[in-house]
Amino acid sequence: MAKIPQILLIYTGGTIGMVKDFKTGALRTFNFDKLLKHIPEINHLNCSINSVSFDYPIDSSNMNVDNWVALSEIIEENYELYDGFVVLHGSDTMSYTASAISFMLENLSKPVIFTGSQLPIGDLRTDAKENLITSIEIASSQENGIPIISDVCLYFEYKLYRANRTTKVNSEHFEAFTSPNFPPLAESGVHLKFNKQLLLNTNFNKPLMVRKKMENKVVILKIFPGITKTIVESILTIKGLKGVIMETYGSGNASTENWFISLLKNAISNGIQIINVTQCISGTVIMGQYETSIELEKIGVISGNDITTESAIAKLMYLLGENIKKNSFKSIYETSLRGEISVKE
Ligand code: ASP
């Protein structure tokens, strides 16, 4: 008889496991074992579940690179023992963490499903139960003993997304996330329907490599009409700065004023990598489509294509940490490494 899938639940914190502090009325993280007691249903799933928790579960607003490394190490240490992983995480920065983990886990061949909730698990109208139960079901879905999903994903409110394509768009609706430039990998209704043609081509023979050197001397610069030279200059001359995600207008357009272009040009010649991503919720950067982006292309600004800002910063931190040669950085950044952009791998 086939062995039932072994799933590891990793609790990092977030609303899903929070309780109200009776003194302040604010939500704070609490004990993971209590959380599982609220969902006896998970014992009926056709898989075996073990769990591990961060020593100090956190609100995801406190996530940082050290936490990402800690999470990647939990997965690394348990990789051979389990068939799938479900990560419980606060929704606020879930897209950042899940994007980062997608880059940190190279040659992943098992499912890593991030989920959380808008209401705590103990709340009568909670969305936590469905999110958690279906995430576990997805992590244990196999065909002929091979996992259907071998990617870092995010499951929320009946939809499974490629994690590095997501962004949080709503702080109160149960449907808190969207994947603006890539369709859901699965939808949960009466049946769990996978869109198999959208899944990554996984090479199951390559060993997992965990990349832990995430460079955090980076910044996100969102431009706006009226932004001054002083502001842009002080950001681009930050000591030790290695990379910038520049959020531009529309299809990657920005001011053509001399001072702006020459500040960017100087930064690039000082070895700073500048990535052009759009401020629009969906769509792609096409440098050269308008006059207002031709100059950016000429001076060596890198195209983020249709990447989300969350994924762009994670990819930047990952590639800078890998000490890639300066002259190949642009072409590697513009390549799809984990399905994060709509260009060829
Ligand atoms: N503030 C919470 C967090 O991100 C919100 C949530 O879990 O949805 O940890």
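The values are calculated or read from the model by the stated rules, or taken from the named source; none is laboratory data. Computed from a predicted structure; not experimentally measured. Please note: Cβ atoms are built from the backbone with ideal geometry, for glycine as well, and neighbour counts cover all protein chains shown.
Quick check: is even one residue across the stretch 3-23 touching a Pro at 6+ places or on another chain (Cβ under 6 Å), hydroxyl-bearing (Ser, Thr, Tyr) and part of a helix (DSSP H, G or I)? Looking for residues that are touching a Pro at 6+ places or on another chain (Cβ under 6 Å), hydroxyl-bearing (Ser, Thr, Tyr) and part of a helix (DSSP H, G or I), one finds at least one in the stretch 3-23, hence yes.
Only one of these is under 22 Å from Thr308 (Cβ atoms), within 26 Å of the chain's Cα centre (by Cα), of a type outside the set (A, V, I, L, M, F, W, C) and loosely packed, with under 14 Cβ neighbours inside 10 Å: Lys242, Lys206, Lys217. Name it.
Lys217
Determine whether Asn107 is polar (S, T, N, Q), modelled with pLDDT under 95 and more than 16 Å from the ligand (Cβ to nearest atom). For Asn107, the condition - polar (S, T, N, Q), modelled with pLDDT under 95 and more than 16 Å from the ligand (Cβ to nearest atom) - is not met. Looking for whichever is surrounded by 15 or more Cβ atoms within 10 Å (Cβ to Cβ) and of a type in the set (Asp, Glu) here; the options are Asp66, Asp83. Which one fits? Step by step, each of Asp66, Asp83 is checked, and only Asp83 is surrounded by 15 or more Cβ atoms within 10 Å (Cβ to Cβ) and of a type in the set (Asp, Glu).
Could you tell me how many of the residues in the stretch 280-296 are surrounded by fewer than 16 Cβ atoms within 10 Å (Cβ to Cβ), out of contact with any helix residue (DSSP H, G or I) (no Cβ under 6 Å at 6 or more places or on another chain) and of a type outside the set (A, V, I, L, M, F, W, C)? Before the answer, list the steps.
First, the residues of the stretch 280-296 that are surrounded by fewer than 16 Cβ atoms within 10 Å (Cβ to Cβ): 281-283, 288-291, 294.
Those still in the list that are out of contact with any helix residue (DSSP H, G or I) (no Cβ under 6 Å at 6 or more places or on another chain) too: 281-283, 289-291, 294.
Filter once more, so that each one left must be of a type outside the set (A, V, I, L, M, F, W, C): 282-283, 289-291.
Result for the stretch 280-296: 5.
With the stretch 27-103 as the region, which strands (runs of 3 or more DSSP E) entirely inside it contain at least 1 residues that are more than 16 Å from the ligand (Cβ to nearest atom)?
Details: elements: 27-29, 48-58, 84-88.
Output list reads 48-58, 84-88.
For beta carbons closer than 7 Å, sequence separation of 6+ or different chains, a first residue in the stretch 193-212 that is on the phi < 0 side of the Ramachandran plot and part of a strand (DSSP E or B) and a second that is surrounded by 11 or more Cβ atoms within 10 Å (Cβ to Cβ) and acidic (Asp, Glu), the qualifying pairs are Lys193/Glu187; Met209/Glu106; Val210/Glu76. Contact map, the stretch 72-87: residues that are touching a residue at least 40 places away in the same chain (Cβ under 8 Å) paired with residues that are of a type in the set (Phe, Trp, Tyr), Cβ distance under 7 Å, separation 6+ or inter-chain. Pairs shown: Ile75/Phe85; Val87/Phe114.
Within the stretch 1-18, the set of residues being crowded, with 16+ Cβ neighbours inside 10 Å and at pLDDT below 85 comprises Gly17, Met18.
Of all residues in the stretch 52-104, those that are under 20 Å from Phe177 (Cα atoms), small (Gly, Ala, Ser) and in contact with a helix residue (DSSP H, G or I) (Cβ under 9 Å, 6 or more places away or on another chain) total 8. In the set (1) in contact with a helix residue (DSSP H, G or I) (Cβ under 7 Å, 6 or more places away or on another chain); (2) more than 15 Å from the ligand (Cβ to nearest atom); (3) not in a helix (DSSP H, G or I), Tyr161 fails one condition alone, (1).
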